[in-house]
Amino acid sequence: MSGNLSFFESVQRNFDKAAKYTNLHKGLLEQIKVCNAVYEVHFPVKIGEEFKVIEAYRVQHSHHRMPTKGGIRYSLNVDRDEVMALAALMTYKCALVDVPFGGAKGGLKIDPKSYSEHDLQKITRRYTKELINKGFIGPGIDVPAPDYGTGPREMAWILDTYTTFNHGEIDAMACVTGKPVSQGGIAGRTEATGRGVFYALKEIFTYEDDMKKYGLTPGLEGKTMVVQGLGNVGYYASLISQTEGKVKIIGVAEFEGSIYNPNGIDIEKLVAFRKETGSILNFDGCTNLETRTAALELECDILVPAALENVITKENAPRIKAKVIAEAANGPVTSEAEDILLAKNILIVPDMYINAGGVTVSYFEWLKNLSHMRFGRMEKRFNHNTYDNIMSTVEHMTGKKIDVKERNIITRGADEVDLVRSGLEETMITAYQQIRNVWMSNPDIKDMRTAAFVCALQKIGSDYENLGIFP
Ligand code: NAD
């Protein structure tokens, strides 16, 4: 932790900054701002011959839409304030990308690396039972997902525990998202947050006049990027930016240190190297930097902090040289640091927008579970046959044969993963256009975070007004 404000206070400060640009009733703003339900629990788990007491949380920030939704984090930094902040961000994030959920978040104060898989399973299952006991999980109540330190494996354990205690519940599969595809998950969920970061950047970089303001040319190709954290979000964000966006990754920061190569770092090879050696340090062609955070201060076009909150503080903000900061992690820039970065004319793309790809595809997974059928099953063959007939007609009319490879590309019906990616890209583009419209139409709004907040607050406000709770 650094700076004077806690993570939750930082979120509240950003909320207040944006609230004055809305025409929402004061009481309504107060209601949107508070956490609706906070559950803190301590439970014992037998690890070897010892009993370990686990500190755990689930926070439902807003019940204006149900179910509530948000990931579960396993980290020693977890505390009540952090989980409240993350749950609040989920509410605004869902509103921004038109995902019809309230925000929630869960956290266990543990270091997952210090437990065996067997023990982690015991802890996860016990936590799930605590959520069931208090009515804090269910397809129409509260739907967890992966976050820092958790992934598809933990989600499968949660599902299995939930279904065991809710035998015969037909929609039980929708009680958690981010599951393995074989356990009711959806193709494209694991990469979704990172892929969403890429789609967002691609859209932002299309506006030539906007880019000019930050000394940038339009388009992602050839832009330099530094990424912090090669976990789920950082890995896919950098890999997809590199392979599909032709971005040059020149710096990487991980737990063990940071590296630099002005000629570009192959992310796939780096991850394989780290798997083998346990570290990113000494990777072929790269210079080891002095500290774990040194890469954040490299000169680059795009800095992608994708590890944890509060990594750019008032202490290191003056040394940040990136033109754009893409907040792939939640809350990486403290409130005080933000003031410094904005004064330096750095574009901050806020977490609540740029990392919303995960919850977007989680929403698709939830819908898949409720429909009990994978996306594309009904229309894939129909589309293929229709396109095939069109190609045959074209061949017949022109008297020319279409190359088989080309024909296969044109006639292919969409698989689940194609539809998921298409829905994700559409979501990220539409949300950015809405944020940009708010920003461009109000000259008093100086930063993208405030514009995103205003956008989210207006949507949540109108949801509440439609409920008739507030005049
Ligand atoms: P993860 O556990 O998969 O990966 C985190 C990575 O960060 C790990 O590789 C870890 O070693 C590294 N790391 C930790 N401390 C570091 C440090 N001090 N310096 C450099 N690297 C460090 O977690 P994740 O799911 O990728 O989540 C990362 C961030 O993205 C979190 O803020 C999370 O809330 C946010 N997020 C995740 C999702 C999702 O779908 N997983 C969705 C939205 C937002």
A 1.4 Å probe over the protein heavy atoms gives the stretch 340-471 a carbon and sulfur accessible-area percentage of 56 percent
Yeah, the stretch 306-446 with a ≥ b ≥ c from its alpha-carbon gyration tensor (a/c under 1.5 is rounded, else prolate when a/b outruns b/c, oblate otherwise) is prolate
The correct ranking of Met84, Met66, Met90 by accessible area at 1.4 Å, largest first, is Met66, Met84, Met90
Here the percent of antiparallel bridges among DSSP beta bridges lying wholly in the chain, to the nearest 5, is 50 percent
proj_area_mean for the stretch 285-333 (convex hull on C-alpha atoms), units nm², value 3.7 nm²
Gyration tensor (Cα only) of the chain to equivalent ellipsoid, semi-axes in Å sorted down, yields 32, 30, 26
Note: Lys405 to Asn282 extended length (0.36 nm per residue) minus current alpha-carbon separation gives 40.1 nm
Given a Förster distance of 51 Å, the FRET efficiency implied by the Cβ-Cβ spacing of Ser441 and Asp171, rounded to the nearest 0.05, works out to 0.80
Placing +1 on each Lys and Arg Cβ and -1 on each Asp and Glu Cβ in the stretch 35-185, then taking the dipole about the Cα centre, the residue among Ser116, Ala104, Pro146 whose Cα reaches farthest towards the positive end is Ala104
With all protein chains in place and a 1.4 Å probe, His384 shows an accessible area in Å² (nearest 10) of 50 Å²
Length gained if His396 through Arg319 is fully extended, taking 0.36 nm per residue and subtracting the Cα-Cα distance, is 21.2 nm
What one gets for the stretch 35-185 as the Kirkwood radius, inverse of mean 1/r over different Cα pairs in Å, is 15.2 Å
With a 1.4 angstrom probe the carbon and sulfur portion of accessible area for the stretch 1-74, in percent, totals 50 percent
Accessible-area order for Lys52, Lys269, largest to smallest, probe 1.4 angstrom, reads Lys269, Lys52
For Lys223, the lysines lying under 23 Å Cα to Cα, once residues fewer than eight places off in the same chain are dropped, come out as Lys202, Lys212, Lys213, Lys246, Lys248, Lys269, Lys321, Lys323, Lys344
Scattering profile of the stretch 141-279 from the Debye formula, Cα beads only, expressed as log10 I(q)/I(0) at q = 0.14, 0.22 Å⁻¹, is -0.77, -1.25
Of the candidates Leu424, Ser462, Val349, the farthest towards the positive dipole end of the stretch 321-471 (Lys/Arg Cβ +1, Asp/Glu Cβ -1, centred on the Cα centre) is Leu424
In Å², rounded to a whole number, the accessible area per residue of the chain with probe 1.4 Å is 43 Å²
Computed for the chain: size of charge dipole around the Cα centre, +1 on C-beta of each Lys and Arg, -1 on C-beta of each Asp and Glu, debye to nearest 20, value 540 debye
CD proxy, 222 nm, the chain: helix-only mean residue ellipticity via -39,500 (n - 2.57) per DSSP H run with n ≥ 4, per residue, nearest 500, stands at -14500 deg cm²/dmol
Treating only Lys and Arg (+1) and Asp and Glu (-1) as charged, each at its beta carbon, one finds that the stretch 173-284 has a dipole about its Cα centre, in Debye to the nearest 20, of 200 debye
Toy charge model, Lys and Arg Cβ at +1, Asp and Glu Cβ at -1: the stretch 330-378 dipole around Cα centroid in debye, rounded to 20, equals 500 debye
Here the FRET efficiency for His25 versus Ile141, based on Cβ atoms and R0 = 25 Å and rounded to 0.05, is 0.35
Along the dipole axis of the chain (charges at Cβ: +1 for Lys and Arg, -1 for Asp and Glu; origin at the Cα centre), the most positive-end residue among Ala326, Tyr236, Ile170 is Ile170
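The values are calculated or read from the model by the stated rules, or taken from the named source; none is laboratory data. In this text the structure is predicted, and so the values were computed from the model without any measurement. Note that we place each Cβ from the backbone using ideal geometry, even for glycine, and neighbour counts take in every protein chain shown. What goes into the accessible areas is simple: the full protein's heavy atoms, side chains included, and nothing from ligands, DNA or RNA. Shrake-Rupley method; radii C 1.70, N 1.55, O 1.52, S 1.80 Å.
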